[in-house]
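Student: Dropping a structure here in structure tokens format, bear with me for questions.
Computed from the coordinates by the stated procedures, all read-outs in this text should not be read as laboratory data. Predicted, not measured: the structure shown is a model, and the values here were computed from it. No Cβ is skipped: glycine too gets one built from the backbone with ideal geometry, and neighbour counts run over all protein chains shown.
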Amino acid sequence: MSTINPTGKEIISVSGDFAGRPLTLEVNRVGFRTTASVMVKYGDTVVLGTSMVGGRPSYAMDYFPLSVDYEEKMYAAGKISGSRFIKREGRPSDEAILIGRLIDRPIRPLFPKGYRQEVQVVASVLSMDPSFRPDMIGMIAASAALTLTGAPFDGPVAGLRVGRVNGEFKAFLTPEEREQSDLDLVVAGIETGVMMVEAGADEVPEDVVVDAIAWAHEQFQAAIKLQRELAEKVGVEALEYELVLPNEDIQKEVDAWVDGKLGEPLRVAYPERNELVSVLKSEFHAAMEEVKGEEYQDLRGEYDEAFTTALHKDVRKGIVEDNARPDGRKLTDIRPLSSEVGVLPRTHGSSIFTRGVTQAMNIVTLAPLSYAQIVDTMEVSDGERRYMHHYNAPGYTVGEIRRLGSPGRREIGHGYLAERALSAVMPSEEDFPYAVRSVTEIMSQNGSTSMAATCSSCLALMDAGVPLKSPVSGIAMGLMMDGDTPYVMSDIADAEDFAGDMDFKTAGTAKGITALQMDMKVHGLPVEVLRKALEQGREGRAHILEHMLTTIAEPRLSLSPYAPQIEKIMVNPEKIGAIIGKGGETINKITSETGAEIDIKDTGLVTVAAVDLDSIKRAVDWIKSLVEEPEVGKIYEGPVVKVMEFGAFVNIMPGQDGMVHISQMADHRVEKVTDVVKEGDVVKVKLTAIDERGRLNLSMKDAK
């Protein structure tokens, strides 16, 4: 019996197995006024995917106006925000922005070139099963909604987040399994190939990563099949649309004008090539304006786009036919490298890394652990980021005038990629009890700033004395397909990125990959092509790492004199209360009297930070006196707290009293305890034994 919704439409659903659980896609229950909406259920996770398609193309825009958002709802996890002042959802968290980008990247290339109708896609998490992350269900919901709109979307798309536990690939890992996994890999694609890859890894070899990509592509076919089944049941009607494409006559005219002016004459190193292209473009517009007259101002945008298209075709032609890149390099050549460290006198660590015209300055700041960032999202409660990488790239870095503002999605994504690249080699907080902030200020852009950020961050961290497990380098690679023949380019610049079919960034150590990001502009690539690209990327990474190690071979043995000094102590977790005191009274007294900052972890790790070593010593000695365990044979000094007929109780350390029997008070016979001591007297005692019940036996006569 079918179910009818309040608008009179049938509620339609399809279900099937996906990675070991039932996956259900349902339409017409909610979202009556959307172009299309799909409710996706997987375990206890429920995600609503909605899509809106505008009615007319925007001729004023020279890009596809697609927006993709991932909405975290705190109620989905049964939570109220941990923020003291803001309880409703506000701006998306960095995590939500990054997931939105993950969903966007495989979807965007699947629309036809010239499509200008506004499209909005939103994946909203309504219920979250805590046993796995909901992001890939969000991707399926977004894709399913788009598929049902009837827009020219060459999907559907599906994705999978893959880990490796005990050498076995697994999807939808539990939080405990994620802790054990040495790989966190997201793969998205269509039936015929892979569209997007992003990964963080603990120095995992390239061939393992490729095998994981192939495994994921096979596993998510079930979700693609289910979306197709739903579309067939719904009976999707194709929407009419109009493509905004360059005028073919204009393109022919432009191609004729640039004939002989491109190719070999422009194959010179950057930035000279950029300058030559800029001059040629100015000459082109001047020549066209002279021929067309006043009417050219209305056509200038179309001619400009046709000129750019001609440049891209020339770049592809040079690589495919001549194996010659725009700046004259061979496919495996890397641009000139230079780097330096210690460039800023008062910072804790600094570096400049330059590759061709791309340049990144990085500054590292060290602080006590209390400065770690609290992570409060739908998925994670009371988590912390001890290592933070932030990325900035103002307009001047590409020779443009832009308004300064808060970081956008690109800046957040690039910063996170570089952060993942180095997270795998950061020391534990037990070995290096600091919060670390690494900021990359891009100084100049001409391709692959995220990998320049990775390299400069690694250099600055070593300059700051952060004991990295291994140094990390990164490289951006490009790909052009000529039929079935792949042309892989190492260290791509902007011209090759814009004209190519895939760009990917790979970062890692000499042992293996720590971060990976691949984006395809063609409709899916075979896994074997990705294998070839990763292998060439490994060789490029090694070349860059060799250069970096000539600048600084290993982390400095000492910290900057301007960095805070920190000493760590491991205490019995049961003793933490003694350090804090009632209502924080004890710890507040220590910090106020010594000037030191104290951080305490549940594990019993206590860190003490101050600008001078004397403050640290006084605070550490104080803490030790609070948490010290009684030691048999050691002599203590303390007050008599209680007098009994058979002896006296003496406080030898905070919370620890022991008993001196009357026979242990003196070398001679003592008739009355009060003949020797009274309450309040300070005496020396030796701890002679701790009985099976934990009681302390003390002796005054043995302490002499």
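Student: Where a ≥ b ≥ c are the square roots of the eigenvalues of the C-alpha gyration tensor, would you call region 3-234 rounded, which needs a/c under 1.5, or, failing that, prolate if a/b is larger than b/c, or oblate?
Tutor: Judged from the Cα gyration tensor, region 3-234 comes out rounded (a/c under 1.5).
Student: So if each residue of separation counts as 0.36 nm, and I subtract the Cα-Cα distance between His285 and Phe85, what length gain in nm does that give?
Tutor: Once the chain is fully extended between His285 and Phe85, it gains 66.4 nm.
Student: How do His661, His668 line up, fewest other C-beta atoms within 10 Å first?
Tutor: Ranking His661, His668 by Cβ neighbours within 10 Å, fewest first, gives His668, His661.
Student: What is the chain's relative contact order, in percent, from Cα pairs under 8 angstrom and six or more apart in sequence?
Tutor: 10 percent
Student: Would you please put 403-410, 637-644, 489-496 in order of how densely packed they are, using the mean number of other Cβ atoms within 10 angstrom per residue and starting with the highest?
Tutor: 489-496, 637-644, 403-410
Student: Where a ≥ b ≥ c are the square roots of the eigenvalues of the C-alpha gyration tensor, would you call region 571-704 rounded, which needs a/c under 1.5, or, failing that, prolate if a/b is larger than b/c, or oblate?
Tutor: Prolate.
Student: At R0 = 22 Å, how high is the FRET efficiency between Ala666 and Lys624 if r is their beta carbon distance? Nearest 0.05 is fine.
Tutor: 0.10
Student: For region 20-59, just the Cα set please: Rg and Dmax, both in angstrom.
Tutor: 13.5, 46
Student: At q = 0.23 Å⁻¹, what log₁₀ I(q)/I(0) does region 140-202 have when each alpha carbon counts as one equal point scatterer in the Debye sum?
Tutor: Values returned for q = 0.23 Å⁻¹ are -0.90.
Student: Of Thr309, Thr149, how do they rank once you tally other Cβ atoms within 10 Å and put the fewest first?
Tutor: If I rank by nearby Cβ atoms, fewest first, I get Thr309, Thr149.
Student: Once you've got the Cα coordinates, tell me which of Lys292/Lys313; Lys330/Lys505; Lys568/Lys701; Lys589/Lys704; Lys582/Lys624; Lys642/Lys701 are over 28 Å apart.
Tutor: Lys568/Lys701; Lys589/Lys704
Student: Relative contact order for region 634-704: what percent, with Cα pairs under 8 Å and sequence separation of 6 or more?
Tutor: 35 percent
Student: Nearest 10 degrees is fine. How inclined is helix 272-292 to the longest principal axis of the chain, computing both from alpha carbons?
Tutor: Long axis of 272-292 versus the principal axis of the chain: about 40 degrees.
Student: Then there is this: With r as the distance between the Cβ atoms of Thr174 and Lys511 and R0 = 35 Å, compute the FRET efficiency 1/(1 + (r/R0)^6) and round to 0.05.
Tutor: Between Lys511 and Thr174 the formula returns 0.85.
Student: Roughly how many whole Å is it from the C-alpha centroid of region 65-98 to that of region 506-562?
Tutor: 32 Å
Student: Over region 430-506, what is the relative contact order in whole percent, taking alpha-carbon pairs under 8 Å and six or more residues apart?
Tutor: 29 percent
Student: Output the peptides 126-137, 471-482 sorted from most to least packed, where packing is the average of other Cβ atoms within 10 Å over each peptide's residues.
Tutor: 471-482, 126-137
Student: What shape does region 565-627 have by the C-alpha gyration tensor, where a ≥ b ≥ c are the square roots of the eigenvalues, rounded means a/c under 1.5, and otherwise prolate means a/b greater than b/c and oblate the rest?
Tutor: Oblate shape, in that a/c is at least 1.5 and b/c is the bigger or equal ratio.
Student: How much length is gained on full extension from Asn323 to Lys532, taking 0.36 nm per residue of separation minus their Cα-Cα distance?
Tutor: Fully extending the segment from Asn323 to Lys532 adds 73.6 nm.
Student: Under a plain spin-label model, where a point goes 7 Å from the Cα along Cα-to-Cβ, how far apart in nm are Leu344 and Phe646?
Tutor: According to this spin-label approximation, the distance is 6.9 nm.
Student: Moving to a separate point now. Rounded to a whole number of µm²/s, how large is the Stokes-Einstein D of region 218-324 at 37 °C and 0.692 mPa s, given Rh as the Kirkwood radius over C-alpha pairs?
Tutor: The estimated diffusion coefficient comes to 189 µm²/s.
Student: Positive end of the charge dipole of region 361-463 (Lys, Arg +1 and Asp, Glu -1 on Cβ, about the Cα centre): tell me which of Gly447, Pro427, Cys458 has its Cα farthest that way.
Tutor: Most positive-ward Cα: Gly447.
Student: Cross-link candidates for Lys672: which aspartates and glutamates have Cα within less than 15 Å, leaving aside residues fewer than 8 places away along the same chain?
Tutor: Qualifying aspartates and glutamates at Cα under 15 Å: Glu645.
Student: Once you put a point 7 Å from the Cα of Gln221 and another 7 Å from the Cα of Ser592, both along the Cβ direction, what distance in nm separates them?
Tutor: 7.0 nm
Student: A further question on this structure: Please enumerate, by chain and number, the lysines with C-alpha under 19 Å from the C-alpha of Lys41, excluding those fewer than 8 residues away in the same chain.
Tutor: Within the straight-line limit of under 19 Å, Lys41 reaches these lysines: Lys73, Lys225, Lys233.
Student: Another question, if that's okay. Would you mind computing, in nm to one decimal, how far apart the modelled labels at Ile4 and Thr485 are, each placed 7 Å from Cα along Cα→Cβ?
Tutor: 6.3 nm
Student: Okay, moving on. Can you tell me the length gained on complete extension of the stretch Glu264 to Glu574, counting 0.36 nm per residue apart and subtracting the Cα distance?
Tutor: Working it through step by step, the gained length comes to 104.2 nm.
Student: What percent of all Cα-Cα pairs in region 153-298 falls in each 5 Å bin, counting up from 0?
Tutor: Values per bin, smallest distances first: 2, 7, 12, 11, 8, 7, 7, 9, 11, 11, 8, 4, 2, 1, 0.
Student: Quick one: Kirkwood hydrodynamic radius for region 398-505, alpha-carbon pairs, angstrom, one decimal?
Tutor: One decimal place: 15.8 Å for the Kirkwood radius.
Student: Mind sorting Thr192, Thr514, Thr7 by how few other Cβ atoms lie within 10 Å of their own Cβ, fewest first?
Tutor: Least to most surrounded, the residues fall as Thr7, Thr192, Thr514.
Student: Further question on the same structure: Give me the one-decimal Kirkwood hydrodynamic radius in Å for the chain, with the sum taken over alpha-carbon pairs.
Tutor: That comes to 29.6 Å for the chain.
Student: Could you work out how far helix 613-627 tilts from the main Cα principal axis of the chain, as a 0 to 90 degree angle to the nearest 10?
Tutor: The two axes meet at around 60 degrees.
Student: Another question, then. Work out the FRET efficiency for Ser428 and His543 from their Cβ-Cβ distance, taking R0 = 35 Å, and round it to the nearest 0.05.
Tutor: The computed FRET efficiency comes out at 0.70.
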